[in-house]
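Notes follow once the structure below has been shown.
The values are calculated or read from the model by the stated rules, or taken from the named source; none is laboratory data. Remember, it's a predicted structure, so these values are computed and weren't measured experimentally. Don't worry about glycine lacking a Cβ; one is built from the backbone with ideal geometry, like all the others, and counts go over all protein chains shown. Ligands, DNA and RNA are excluded from the accessible area calculation, which covers all protein heavy atoms including side chains. Shrake-Rupley method; radii C 1.70, N 1.55, O 1.52, S 1.80 Å.
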Amino acid sequence: MKTPVELNQKNLQQIGNLLPVPDYDHSLIRSEIVHIGVGGFHRAHLAYYLHLLKNIGGALDWGICGIGLRQADRKLHRIFKAQDHLYTLIVKHPGGKIEPEVIKTIFDFKLGTENPEQVIERMAAADTKIVSLTITEGGYNFNANTGEFNFDDPDVQHELNNPDDPKTVYGFLTVALKRRRDKGLAAFTLLSCDNIEHNGHMLRKMLLSFAEAQDADLAKWIAREVSFPNSMVDRITPMTTPEDIEILARNFGVQDAWPVTCEPFIQWVVENNFSNGRPAFEKVGVQFVPDVAPYEKMKLRMLNAGHSVLGLLGALNGHLTIDACVEDELFASYLCEFLKKEAIPVLGEIEGIDLTDYINSLLERFSNPNIKDSVSRICAESSAKLPKFLIATIHENLAGGGSIKFATLVIAAWCYYSDKQADENGQPLEVKDAMKEQLHQAAKQTTIDPLAFIKQKSIFGNLAENKQFTELYSKMVRSIYADANIKKDMIDVMSTK
Ligand code: CS2
């Protein structure tokens, strides 16, 4: 194998003989999107949409400055530094074709952990028009049961008393907004790109709760001046594997220390509520709508919930990837039944969308064998995901007299998964969850108290007090613990009325 060419600005022209490379010029940037949480998803989604727009000659004056607020962001910081913030996006088609392309829309990346002042100044700069976020469901710091801001977090407590020493996203946003107000600058738009229903409203509510506790006048200014468009974001972006890096080097001759892989599908539906300007994303397929709520709900309760249904049941059964799950006929039919009988009935009207087509498209996307989206990625942080993706559907079906059995088995499977941290054959599973220990302790009590797991109120609300739910759940959890045979339980669910 010839030595691959290292990805950086100096080599970009040479790389142009190997892959599509961009030729837009960072010196034209006058308007910034400051993005907090530069994970694979951001690089496959917002940063890619900006790339598409620049490729047709639009938004040449816009660029993205990434921000990392976690220790784990140091790795990307180091890699971006060496690669001049360039990275390869590798689109993987179901037929096996892979299409890598170099993206150049991120022009800088700063670490809040190392240099908070630089991050604050960047957010407070006149050129910053939008601050966007992908900080994951857990990053919003709300109690899933009460929906209120969680003031118990020690970093939040620190920030309330030391506004100039921010640690969390809320600390950074308030100090930066305060500087903008004091300098007489317009506020930036705050754009949430996370999988949370009403993500803009949620961000607004959390930020205002925090700001009120810190500086009530500032909170009033934020409430008046900052816009928080809701948005529905969608593109399946698996974790990058060492093989992805190797294939890029071997088959395409490019050495990128952290490329991003994704499916061909991409969607972004956003409310057109940007108080300080925005790129003309509509030119590259972004849908601007007056109310994003129905789209968000559909995506979260079908795609994301569907992922969790396959992921948790699949993990127990020993499946490693989402495509392996849907290839298994029982899993594919279980998913379809869950979507038709439990998810769709509580969605309400979604204008212009045929939900049967949507189910078919989900099955097609999930079955992409080239993506190899790991079940472990899907199961990670279930404590932050499930209240929004799945438990909300159970609550709504209980209230409306609808079916709950498909989703309830997933909760019972999650209990077993959290307790044993192994699949039904005893193979260890690595649980990644901010609440891992608490979940484990609660689940461990199941044999003594079958409802122990669902008594965790911050996740399940008052489900443990609902007789209809507890009867079904206890039966299911007992059955899983009795013979660890999830397929048998799935067949039971499918065959009972
Ligand atoms: C997944 C999402 O995190 C999850 O459990 O369902 O990351 C999903 O792949 C994306 O939201 C797709 O847009």
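Below is a table of values for the structure above.
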read-out: Sequence-distant residues sharing a close amide H with V289 (under 5 Å, placed H); value: V270, E271, N272
read-out: Rel. contact order, % - alpha carbon contacts under 8 angstrom, at least six apart, region 249-298; value: 35
read-out: Sum of -39500 (n - 2.57) over DSSP H runs of 4+, divided by residues of the chain (222 nm, nearest 500); value: -12500 deg cm²/dmol
read-out: Point-charge dipole on Cβ atoms (K/R +1, D/E -1) for the chain, about Cα centre, debye to 20; value: 240
read-out: Sequence-distant residues sharing a close amide H with K104 (under 5 Å, placed H); value: none
read-out: Computed over the chain: relative contact order in percent, which uses C-alpha pairs under 8 Å that are six or more apart; value: 15
read-out: Nearby aspartates and glutamates by direct alpha-carbon distance to K341 (threshold 17 angstrom, same-chain neighbours under 8 apart not counted); value: E349, D354, D357, E396, D492
read-out: Entries in K432/K487; K110/K220; K54/K178 that, when Cα-Cα distance is taken, lie over 26 Å; value: K110/K220; K54/K178
read-out: Spatially proximal aspartates and glutamates relative to K2 (Cα-Cα < 16 Å; intrachain offsets below 8 disregarded); value: E246, D256
read-out: Accessible area expressed per residue, the chain, with surrounding protein chains retained (probe 1.4 Å, Å²); value: 40
read-out: The chain, accessible surface, carbon-and-sulfur percent (1.4 angstrom probe); value: 49
read-out: Sequence ranges 408-414, 425-431, 247-253, ranked by mean other-Cβ count within 10 angstrom, highest first; value: 408-414, 247-253, 425-431
read-out: Alpha carbon centroid spacing (whole Å) that separates region 198-224 from region 431-463; value: 31
